Amino acid sequence: MSFTIDNELDTRGLHCPMPLLKAKLALNQMQAGEVLRVVATDAGSWDDFEAFIRQSPHELLERTQESTEYIYCIKKGC
């Protein structure tokens, strides 16, 4: 999948619920259609981000795990 990252957020070392809360704050500052890339080390963020996306207007473009890092690319909805 090809897309442009508009904003990056490093939440490595933060524990639940901080990665998701910081992502929500970042998304609030972005324009619809922009993409936020979040890097987290909290394994709980995997389920947190999935649940958040289901209940939001945003789109999860990509979700990957690289070693102990969890990476989320979220396209801001309307």
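Rule-based calculations on the coordinates, nothing more; no lab input. For clarity, every value in this text was computed on a predicted model and none was experimentally measured. Positions of Cβ are generated from backbone atoms using ideal geometry, with glycine treated the same way; all protein chains shown enter the neighbour counts.
Nearest 5 percent is fine: what portion of the DSSP beta bridges confined to the chain is antiparallel? Taking every DSSP beta bridge within the chain, about 70 percent pair in antiparallel fashion. Determine the sum of side-chain charges near Tyr72: Lys and Arg each +1, Asp and Glu each -1, restricted to other residues whose C-beta is under 9 angstrom from that of Tyr72. That sum, taken over residues with Cβ under 9 Å, equals +1. Extending 7 Å from the Cα toward the beta-carbon at both Ala51 and Asn28 defines two label points whose distance is 2.0 nm. By the helix-only formula, in which each DSSP H run with n ≥ 4 contributes -39500 (n - 2.57) and the sum is divided by residues, the chain has a 222 nm mean residue ellipticity of -8000 deg cm²/dmol.
For region 7-75, how big is the tail of P(r) above 16 Å, as a whole percent of Cα pairs? That tail contains 37 percent of the Cα-Cα pairs. Inter-label distance, Leu21 to Asn7: 1.7 nm, where each label sits 7 Å from its Cα along the C-beta direction. Electrostatic tally near Thr11: other residues with Cβ closer than 12 Å to its Cβ, Lys and Arg +1, Asp and Glu -1, net -1.
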